[in-house]
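Novice: Before I ask anything, let me first share the structure, which is written out below as structure tokens.
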Amino acid sequence: MKCRVATIDDCPMLAEWNHQLIQDEGHRNPMTVAELEQRMSAWLSSGEYPTGTMYRAIIFSDKNEAVAYVLFRETDDEIYLRQFFVARHRRREGIGRCAIQHLFENLWPKTKRWTVSVLVNNLPALAFWRAMGYEDYVLGLEIMPDHHPTRRPGD
């Protein structure tokens, strides 16, 4: 498997894959492929969206076919993996494990904390990241607008 840094020219493919990722993980993000392409382009070109931190995308290929990508940002003390996707027709072949292992061994400094966020209902992703060595650290909780309690707890 080979890898390369993604460019602006890759944004249409990355946006389509990001759209599939959103569907696969059950995320509530309502963005269209066009909106995702615009966001990806901003992330890769200027680093100004949304926080001024530069994102990098790496595309992984097997037999001259693009099969996966990872999007991450690096700060002084952390590598935050924002998106990881393996093409649907190439899953269960070890591509994901190989790609992440490549990042661990060749691209990401071992002196930094590596983080990834996973939706709690995305059990396959949780199993994958745990198998790659990530450990549970935080669980975010929420109350959606249409589920606000009418009484305060304890009343």
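Novice: Given (1) among the charged types (D, E, K, R); (2) exposed (fewer than 13 other Cβ atoms within 10 Å of the Cβ); (3) under 15 Å from the mean Cα position of the chain (by Cα), where does Arg97 come up short, assuming only one miss?
Specialist: Going through the list (1) among the charged types (D, E, K, R); (2) exposed (fewer than 13 other Cβ atoms within 10 Å of the Cβ); (3) under 15 Å from the mean Cα position of the chain (by Cα), Arg97 breaks only (2).
Novice: Then there is this: Just give me the residues in segment 118-155 being surrounded by 12 or more Cβ atoms within 10 Å (Cβ to Cβ) and either part of a loop (DSSP other than H, G, I, E, B) or aliphatic (A, V, I, L, M) (or both), in sequence order.
Specialist: Hits for segment 118-155 are Val118, Leu119, Asn122, Ala125, Leu126, Met132, Tyr134.
Novice: Conditions first: (1) surrounded by 16 or more Cβ atoms within 10 Å (Cβ to Cβ); (2) farther than 30 Å from Glu142 by Cα. Met1 passes all but one, so which condition is the exception?
Specialist: All conditions pass for Met1, except number (1).
Novice: Among the residues of segment 44-92, write down those that are part of a loop (DSSP other than H, G, I, E, B) and either at pLDDT 95 or above or of a type outside the set (D, E, K, R) (or both). Full working, then the answer.
Specialist: To start, the set of residues in segment 44-92 that are part of a loop (DSSP other than H, G, I, E, B) comprises 46-54, 63-64, 75-77, 87, 91-92.
Result: Ser46, Gly47, Tyr49, Pro50, Thr51, Gly52, Thr53, Met54, Asn64, Thr75, Ala87.
Novice: All but one of (1) within 24 Å of Glu135 (Cα to Cα); (2) surrounded by 11 or more Cβ atoms within 10 Å (Cβ to Cβ); (3) in contact (Cβ under 8 Å) with a residue 24 or more places away in the chain; (4) charged (D, E, K, R) hold for Asp10, so report the exception by its number.
Specialist: (1) is the only condition that Asp10 fails.
Novice: Please find, among Leu103, Leu71, Leu36, the residue that is without any contact (Cβ under 8 Å) to a residue 40 or more places away in the chain and surrounded by 18 or more Cβ atoms within 10 Å (Cβ to Cβ). Quick ask: steps written out before the conclusion?
Specialist: Numbers: Leu103 fails: without any contact (Cβ under 8 Å) to a residue 40 or more places away in the chain; Leu71 fails: without any contact (Cβ under 8 Å) to a residue 40 or more places away in the chain.
Criteria check complete, one pass: Leu36.
The values are calculated or read from the model by the stated rules, or taken from the named source; none is laboratory data. From a predicted model like this one, the values you see are computed outputs, not experimental measurements. Cβ atoms come from the backbone with ideal geometry, glycine included; neighbour counts cover every protein chain shown.
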